[in-house]
Amino acid sequence: MSPESNVPDWTKVQVAGGERHLPVYLLLDTSGSMEGASIESVNRGLEQFQQETAADPFARDVVRIGVITFSSDARMVTTGLVPIGDFRPPDLIASGVTRLDLAFRILLESMERDVIKAVKGGQKGDWKPAVFVLTDGRPTDEDGNESDSLWRPARDAVTNRPKGQIKPSSIVAVGCGPNVDDATLKSISTGTAFKMGTSEAAFAALFQYLSQSITSSVQPGGNVNDPFADVPLSGDLIRIP
């Protein structure tokens, strides 16, 4: 039983041979164009996401969070995948260009290192990771020129993996502001992409959508294999067809 509630940890009950976790990766654009109100709203949104998700007893037991930022370089700002209750949102700073390709490389490394694989005849391993990408423009090369030549193969290396290798259940891409490209966002995603403005209310709606998606997916009977499938978007978030 959880020490903070009378709700049983249903994953431990259902899975023989080990506890399963839901890895959630947030790939966040911290390039120079995000400087100012946008990056401040992302910082507040991360705090909101942590508080809302950790408040749910099922999510608190199951969800593991990894945050990867990308600008002129990319880095994992969490120490691998951490329990949502232990996640301390970082104070992100915006600068540089938009090297999404480097973020996908770090994502691939973390999936190999931090996600528990299934063992034949033993534990089932973790669920497939859910991946969320937030950006305010098209990906670039090292000189800041818009380019598809770097991020596309890096993204494909994450999604087009041999059978038996860990790959995401879904990649959701979100574009904020006037400089996003619908076709690029759809190509980054595995199907679900949307866009939004840069108001504080829009970012709050975005991170509420994230927390609601994750918490609903880990409830008994929830769609943990596609966490972003069942939560409707608010008026601040526009789905890209």
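Quick note: the coordinates plus some simple rules give every number you see, no bench work behind them. Just so we're clear, the structure is a prediction, and the values are computed from it rather than from any experiment. Note that each Cβ is placed from the backbone with ideal geometry, even for glycine, and that neighbours are counted across all protein chains shown.
The table below gives the values:
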quantity: Beta bridges by DSSP in the chain, antiparallel share as percent, to the nearest 5; calculated: 25 percent
quantity: Projected area averaged over orientations for the chain, convex hull of C-alpha atoms, nm²; calculated: 12.5 nm²
quantity: Taking segment 17-239 and dividing mean pair separation by its residue count, relative contact order in percent (alpha carbons under 8 Å, at least six apart); calculated: 23 percent
quantity: Filter on LYS124/LYS167; LYS117/LYS186; LYS128/LYS186 - keep pairs with C-alpha separation over 23 Å; calculated: LYS117/LYS186
quantity: CD proxy at 222 nm, helix term only [per DSSP H run n ≥ 4: -39500 (n - 2.57); per residue of the chain; nearest 500]; calculated: -10000 deg cm²/dmol
quantity: Protection proxy ranking, peptides 60-67, 176-183, 49-56, 108-115, average beta carbon neighbours within 10 Å, highest first; calculated: 60-67, 49-56, 108-115, 176-183
